[in-house]
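A.B. asks: Submitted below is the structure of interest, expressed as structure tokens.
The values are calculated or read from the model by the stated rules, or taken from the named source; none is laboratory data. What you are looking at is a predicted structure, and each value in this text was computed from that prediction instead of being measured. A quick note on method: Cβ atoms are made from the backbone with ideal geometry, for glycine too, and the neighbour counts reach across all protein chains shown.
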Amino acid sequence: MAAIDLILIIMLLLTSLWTVLTIRLIRAVVGLALTSAILSVIMFRLGSPLAAVFELSVCSGLISVIFVTTISFTSRVSKERLFVRRRERFVKFWYLPLILIVAGFLLLHFSHPPALKLPVTPAGQDVRSVLWNLRHPDLLGQVIVLLAGAFGVAILFKEDTHER
């Protein structure tokens, strides 16, 4: 594994952890956009430029704009309630950094990375045929990212309606 790949994975883990643990919604959106942008670079380095472009444009761009628009329609929380929520979140998710550290240690020291070999895209082929016929991992990744975003929005609104 190249040093740049290790740096990208560490940055991906740190930004995703920050996204989950931050209590301010705008900071969570910025963290999600950064996580998505780093994931896009990783996808490009793995030889999936189409998935990287989709990740960068849709997840880092469009989804972030939708989230910021949605946040602008919500009301602000008082500083006291924000402090209580922050403390509750850290108490609720105290184990997440530990799990990430242990999983990262185990992955780095006890496993051999799988040899991912994606098919080479023939020149001059249509994007649709490449996506549907050759790039199944890219499509699966896009579906997972979209479902994660949908579940994130559902959880965000569930928490928001629960507090009112």
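A.B. asks: Is there any pair linking a residue in region 48-68 that is in contact (Cβ under 8 Å) with a residue 24 or more places away in the chain and of a type in the set (Val, Ile, Thr) to one that is surrounded by fewer than 20 Cβ atoms within 10 Å (Cβ to Cβ) and in a helix (DSSP H, G or I), with Cβ under 7 Å and at least six apart or on different chains, and which?
C.D. replies: Within 7 Å, the pairs are 63/149.
A.B. asks: Evaluate region 69-77: report whether one residue or more is among the small types (Gly, Ala, Ser), out of contact with any strand residue (DSSP E or B) (no Cβ under 7 Å at 6 or more places or on another chain) and modelled with pLDDT of 85 or more.
C.D. replies: no
A.B. asks: Could you check, for region 67-79, whether at least one of its residues is under 22 Å from residue 91 (Cα atoms) and assigned to a helix (DSSP H, G or I)?
C.D. replies: yes
A.B. asks: Is it the case that region 122-137 has a residue that's at pLDDT 75 or above, of a type outside the set (Lys, Arg) and surrounded by 10 or more Cβ atoms within 10 Å (Cβ to Cβ)?
C.D. replies: Within region 122-137, none of the residues are at pLDDT 75 or above, of a type outside the set (Lys, Arg) and surrounded by 10 or more Cβ atoms within 10 Å (Cβ to Cβ).
A.B. asks: Something else: Would you tally the residues in region 51-83 being farther than 15 Å from residue 146 by Cα and surrounded by 13 or more Cβ atoms within 10 Å (Cβ to Cβ)?
C.D. replies: Summing the residues that are farther than 15 Å from residue 146 by Cα and surrounded by 13 or more Cβ atoms within 10 Å (Cβ to Cβ) in region 51-83 gives 5.
A.B. asks: Quick one: is residue 57 among the polar types (S, T, N, Q), part of a helix (DSSP H, G or I) and closer than 18 Å to residue 140 by Cβ?
C.D. replies: no
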